[in-house]
Amino acid sequence: MNPLADLIIPAEPTLLVITGPTAVGKTALCVELARRLDTEIVSADSRQFFREMSIGTAKPTPAEMGDVRHHFIDSHSIEDDYNAGRFEQDALTRLAELFRHHSTVILTGGSGLYLQAVTEGLDELPAAPPEIRAALQAELAAHGLEPLVAELARLDPIAHGRIDLQNHQRVLRALEICRATGQPFSSFHGRKSSADRPFRVIKIALTRERDELYQRIDERMELMLAAGLEAEARALHPYRHHNALQTVGYQELFGYFEGHYDYAEAVRLLKRNSRRYAKRQLTWLRRDPQYQWLHPTEVLGLLG
């Protein structure tokens, strides 16, 4: 079965989701697809929203984007409180506008939660008092992440086993709900807030052989460093506790700046953690049986 067979003139508005791990080749493929389909690209990359973060997020350059219009790149500041729930509403509003002019729109990025927000909606979570988040942020700054991870293990072993425990934002969000409600964060999973989407969704996940992917990741890290990643990270170091900066590509250099290890170790960690991040992305995506897994070179051939 060819999932892209009718995309030139689809029978109904169609959202084409192109995702995959970091460095798999999403950007170049999506630009070429957008040109062939005469459409635009909506980015669901949770770090490329932020204007201050370019090199470390592998944000596409103007040359790479070419003549294809991209949405939600450089749309926010790292000081903005932006999350998947807000992106869901903003993206759905933008898609409604785009479908007035395009029968197919491309949604792309490696942030599985943000893709899910647009295509399916998010688990409905209760609001938490802002003082709880402020207290958690203060504890993180004073004592680091380890005590908070231990608390999460006590309060919600299920969430502790599921979420990325190196991701400060995910740990804080889970604890925020635990403390605010007295119930496990995981108990709210499955309570969907979404309505039916007014468009068809086709999901493509890009894949490469592991050795090839890991080589591409290492090469990308070298290119980022050559392009000035260290200087970009130094400029962002004063903002290191912002949620947007709790991510691979910056945290490794922050540790170097703070004297925890030397530059060579920072580079080693940057590459290692980027490979680990790719593995986590793949694990997330494989939970969704709707994704069809293709090598980037296969996708254009299917379009015809």
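The values are calculated or read from the model by the stated rules, or taken from the named source; none is laboratory data. Just so it is clear, the model here is predicted, and its values are computed rather than measured. Every residue, glycine as well, gets a Cβ built from its backbone with ideal geometry; the counts of neighbours run over all protein chains shown.
Taking the criterion of being of a type in the set (A, V, I, L, M), more than 18 Å from the chain's Cα centre (by Cα) and crowded, with 17+ Cβ neighbours inside 10 Å, the residues of the range 155-173 that qualify are L155, A159. Just to be sure I understand, how many residues within the range 246-268 are crowded, with 19+ Cβ neighbours inside 10 Å and in contact with a helix residue (DSSP H, G or I) (Cβ under 6 Å, 6 or more places away or on another chain)? Selection size over the range 246-268: 8.
In this structure, L7 qualifies as in contact with a strand residue (DSSP E or B) (Cβ under 9 Å, 6 or more places away or on another chain) and not in a strand (DSSP E or B).
Of the residues making up the range 82-129, those that are of a type in the set (D, E, K, R) and touching a residue at least 24 places away in the same chain (Cβ under 8 Å) are E88, R94, E120, D123, E124. Among the residues of the range 48-63, the one identified as under 15 Å from Q246 (Cα atoms), touching a strand residue (DSSP E or B) at 6+ places or on another chain (Cβ under 8 Å) and assigned to a loop (DSSP other than H, G, I, E, B) is F49. Comparison of I9, I55 shows that the only residue that is in contact with a Gly (Cβ under 8 Å, 6 or more places away or on another chain), of a type outside the set (K, R), surrounded by fewer than 21 Cβ atoms within 10 Å (Cβ to Cβ) and not assigned by TED's automatic domain parsing to the domain that holds S274 is I55.
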